[in-house]
Structures are given as structure tokens and as C-alpha cells.
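S.K.: My questions will all concern the structure given below.
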Amino acid sequence: MDVWQLALSSFWPIVWGAISGTVPLALASFVLGLVIALGVALMRISRRRVVSGIARAYISVIRGTPLLVQLFVIFYGLPSIGIVVPPWPSAIVAFSLNVGGYAAEVIRAAILSVPKGQWEAAYTTGMSRTMTLRRIILPQAARVSVPPLSNTFISLVKDTSLASLILVTELFRVAQQIAAFSQEFLILYIEAALVYWIVCLALSAGQNRMERRLDRYVAA
């Protein structure tokens with residue numbers, strides 16, 4: 001088969017790998033990761049040293065070890081102690097924990113960027129610390145954290161290619177399978193890179209639009 005015909009015939013399977021594998025994997029991992037990150041960020045700013053210390057330790061481990069190693073520990077390491085996790089859940093757990101470690105610091109910084117006067121004003125109206133966080137602080141912190149969290153999500157989309165190493169069928173795994181069959185590795189991997197690029201461009205456009213919408217609510 002001509003190399004260009006191969007490129008054309010393989011384009012849709014690779015795109016479908018992104019639609020059915022890469023994007024759902026990234027979305028599921030990111031949503032779970034944000035939940036973890038919010039909890040860890042709140043622990044990180046806790047006045048209790050033990051709680052704050054646990055959050056610090058978690059962030060240190062996640063940020064200090066490679067994502068690939070974390071993925072392999074969950075998928076290949078846990079079975080040695082009797083815990084077998086299928087490929088998809090393994091990938092989601094690893095990516096979610098990784099996102100949680102990095103995004104926790106983003107959320108913590110966003111919370112701390114809210115002026116202390118906001119806390120004091122809320123306390124004077126009789127709000128508790130929890131209510132102040134939920135109604136006053138977190139909504140403001142959310143707007144500040146959108147750009148860095150969007151970048152985290154875009155990076156996660158690219159990092160999902162590592163899931164191919166534990167047999168998860170996503171964009172890069174599909175490209176690998178076609179390349180192994182056709183022996184045209186260069187064109188298939190370039191094609192996979194192109195699809196990743198297109199997906200990231202679309203996400204970047206969505207990020208810019210979201211930031212413009214949020215800027216409308218910022219006082220000049």
C-alpha cells in the first residue's frame with residue numbers, strides 16, 4: 001500500500017482512538033483529579049499540622065516521582081500483593097492521583113490569592129469558615145485557577161499516551177498497532193502527533209474563550 005494511502009486510511013481510526021479513548025480517559029482522570037486536588041488543597045491550608053503534613057507528603061511524592069513509574073506501580077506492582085487493577089481503572093487512578101498532586105498547589109495558591117479582607121468581611125456577617133470557603137473564597141479562587149488548570153488538562157491529554165504501555169486502547173495505542181502491522185512507523189507516529197496537536201489546539205481555543213467570559217466579571 002502506498003504510504004499516503006496508508007496515512008489517509010489510518011487517519012480516522014487514530015481520530016476515533018482519540019474520541020473513544022484519549023478524551024474520555026483525560027476527562028475522567030481530570031474530574032477525579034480535581035476532586036482530590038480540592039481536598040488536598042484544603043488540607044494543605046489547614047491549621048492542624050498533622051492534616052497539613054499529610055497533604056505536603058502526598059504532593060511531595062506525586063511531584064517527586066515520574067508519572068510512568070506511578071502508572072507501573074498501580075498496574076504491574078499492585079498484583080504482587082494481590083491487588084489486580086484492570087488497564088482502564090489503573091490509568092484513571094494513576095492520572096487522577098497525578099493531577100491531584102499538581103492541581104492541589106494551583107488551587108491552594110488561588111485560595112491564598114483571595115484578599116484576607118474577604119475572610120474578615122464574611123466573619124463579620126456571621127459566616128463560618130466552611131460557609132465562607134464555599135460561598136466567598138472558592139468562587140473567586142475558581143476564576144483565578146482556570147488558566148493553570150486548563151494547562152494541566154492539556155498536558156494530561158498528552159500524558160494519556162503513556163496508557164498505551166499498559167494496553168489501554170487510546171490514540172497512540174491505535175497508531176502503534178497500525179504501525180506494527182504496516183511497518184510504516186514514521187508516518188503513523190507523525191500522524192498521531194498531528195491528531196494530538198489538533199486536539200490540544202481545540203482545547204486551547206476553548207480555554208481562551210472561557211478566560212474571556214470570566215474576564216467580563218472582573219471589575220475594571
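The values are calculated or read from the model by the stated rules, or taken from the named source; none is laboratory data. Keep in mind that what you see is a predicted model, and the values were worked out from it rather than measured. Positions of Cβ are backbone-derived with ideal geometry, glycine not excepted, and every protein chain shown enters the neighbour counts.
S.K.: Taking region 107-158 as the region of interest, how many residues are within 17 Å of Ile45 (Cα to Cα) and among the polar types (S, T, N, Q)?
M.R.: Summing the residues that are within 17 Å of Ile45 (Cα to Cα) and among the polar types (S, T, N, Q) in region 107-158 gives 7.
Residue-by-condition table, conditions (1) at pLDDT 95 or above; (2) crowded, with 17+ Cβ neighbours inside 10 Å:
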{"site": "Ser164", "(1), (2)": "no, yes"}
{"site": "Leu167", "(1), (2)": "no, no"}
{"site": "Glu170", "(1), (2)": "no, yes"}
{"site": "Ala175", "(1), (2)": "no, yes"}
{"site": "Ser182", "(1), (2)": "no, no"}
{"site": "Phe185", "(1), (2)": "no, no"}
{"site": "Leu188", "(1), (2)": "no, yes"}
{"site": "Trp197", "(1), (2)": "yes, no"}
{"site": "Ala202", "(1), (2)": "no, no"}
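S.K.: Answer yes or no as to whether Thr169 is of a type in the set (S, T, N, Q), in contact (Cβ under 8 Å) with a residue 40 or more places away in the chain and not in a helix (DSSP H, G or I).
M.R.: Yes: the conditions hold for Thr169.
S.K.: Kindly evaluate Gly53 against the criterion of being over 23 Å from Arg173 (Cα atoms) and not aliphatic (A, V, I, L, M).
M.R.: Judged against the criteria, Gly53 is a match.
S.K.: Which residue, of Val114, Val93, Val106, is of a type in the set (Val, Ile, Thr) and in contact with a Pro (Cβ under 7 Å, 6 or more places away or on another chain)?
M.R.: Val106
S.K.: Can you name the residue in region 80-104 that is part of a helix (DSSP H, G or I) and over 17 Å from the mean Cα position of the chain (by Cα) and is also surrounded by the most Cβ atoms within 10 Å (Cβ to Cβ) among such residues?
M.R.: Pro87
S.K.: Determine which single condition Gly126 fails, assuming it passes every other condition in (1) surrounded by fewer than 13 Cβ atoms within 10 Å (Cβ to Cβ); (2) outside any helix (DSSP H, G or I); (3) modelled with pLDDT of 85 or more; (4) not acidic (Asp, Glu).
M.R.: Here Gly126 clears every test but (3).
S.K.: Out of curiosity, is Ile107 of a type in the set (A, V, I, L, M), in a helix (DSSP H, G or I), without any contact (Cβ under 8 Å) to a residue 60 or more places away in the chain and buried (at least 17 other Cβ atoms within 10 Å of the Cβ)?
M.R.: no
S.K.: Return yes when Gly117 is outside any helix (DSSP H, G or I), over 20 Å from Leu25 (Cα atoms) and not polar (S, T, N, Q) and no when it is not.
M.R.: Taking the combined requirement at face value, the residue does not satisfy it.
S.K.: Also: So is Ala18 touching a residue at least 12 places away in the same chain (Cβ under 8 Å), among the aliphatic types (A, V, I, L, M), closer than 30 Å to Leu194 by Cα and surrounded by fewer than 18 Cβ atoms within 10 Å (Cβ to Cβ) or not?
M.R.: For Ala18, the condition - touching a residue at least 12 places away in the same chain (Cβ under 8 Å), among the aliphatic types (A, V, I, L, M), closer than 30 Å to Leu194 by Cα and surrounded by fewer than 18 Cβ atoms within 10 Å (Cβ to Cβ) - is not met.
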